[in-house]
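Structure record follows, encoded as structure tokens.
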Ligand code: GDP
């Protein structure tokens with residue numbers, strides 16, 4: 001059964017390029033409610049753990065280095081059909097293929113430095129939310 005929560009990170013490139021406000025604005029305008037949010041930085045170890053599923057991919061090292069290269073904004077978001085609707089809002093992994101008006105089309109610079117993360121399933125949204133937040137840091 002689809003739950004109504006997803007997990008996102010505004011990645012280090014978008015933070016460095018000054019897009020936090022614009023991205024949060026698009027997220028809120030699309031009807032997502034903020035359940036949890038923090039400005040934080042992943043260590044290389046934590047980034048490696050978060051992306052462990054990609055360990056065998058050729059870009060894993062680059063991904064871990066990038067995701068630990070600067071601060072991020074992590075958040076749990078709520079909306080009906082949250083996971084699928086959020087993936088639609090952010091667009092394809094590669095910004096060159098992302099639909100017009102999507103967050104990645106607007107703010108990402110490359111397939112690696114692509115501005116935002118969005119959980120790809122309800123199960124992963126719950127796992128990723130718990131990775132960053134304690135239950136006491138979430139407010140329904
Ligand atoms: P997502 O679900 O759209 O984020 O895409 P994936 O799960 O396939 O990949 C996870 C993340 O790895 C992406 O968001 C990118 O930051 C990064 N990534 C994916 N493909 C590549 C690639 O070919 N090169 C590099 N450097 N990073 C990539």
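Hey, how many Å between the Cα centroid of the range 1-55 and the Cα centroid of the range 102-133?
6
Going by how many other beta carbons lie within 10 Å of each one, how would you line up 88, 55, fewest first? Spell out each step's value before the answer.
On the way: 88 13, 55 10.
Ranked by crowding around the Cβ, least crowded first: 55, 88.
Apply the a/c threshold of 1.5 to the C-alpha gyration tensor of the range 45-140 and tell me whether it is rounded, prolate or oblate.
oblate
Within 10 Å, count the other beta carbons around each residue, average over each peptide in 28-39, 8-19, and list them highest first.
8-19, 28-39
May I ask you to sort 107, 51 by Cβ crowding, counting other Cβ atoms within 10 Å and putting the fewest first?
Listing 107, 51 from fewest to most nearby Cβ atoms yields 51, 107.
For a quick check: sort 76, 53, 83 by the number of other beta carbons within 10 angstrom, fewest at the front.
The most exposed by this proxy come first: 53, 83, 76.
Before anything else, pin down the relative contact order of the chain: Cα pairs under 8 Å, at least 6 apart, normalised by residue count, whole percent.
With pairs under 8 Å counted, the relative contact order is 38 percent.
Label residue 43 and residue 131 with points 7 Å out from Cα along Cα→Cβ: what is the distance between them in nm?
1.6
Taking 0.36 nm per residue of sequence separation and subtracting the Cα-Cα distance, how much length would be gained by fully extending the chain between residue 22 and residue 65, in nm to one decimal?
Once the chain is fully extended between residue 22 and residue 65, it gains 13.0 nm.
Each reported figure results from applying straightforward, stated rules to the coordinates on display, with no laboratory input. Model, not experiment: these values are computed from the prediction. Counting neighbours? That spans all protein chains shown, and the Cβs are built from the backbone with ideal geometry, glycine included.
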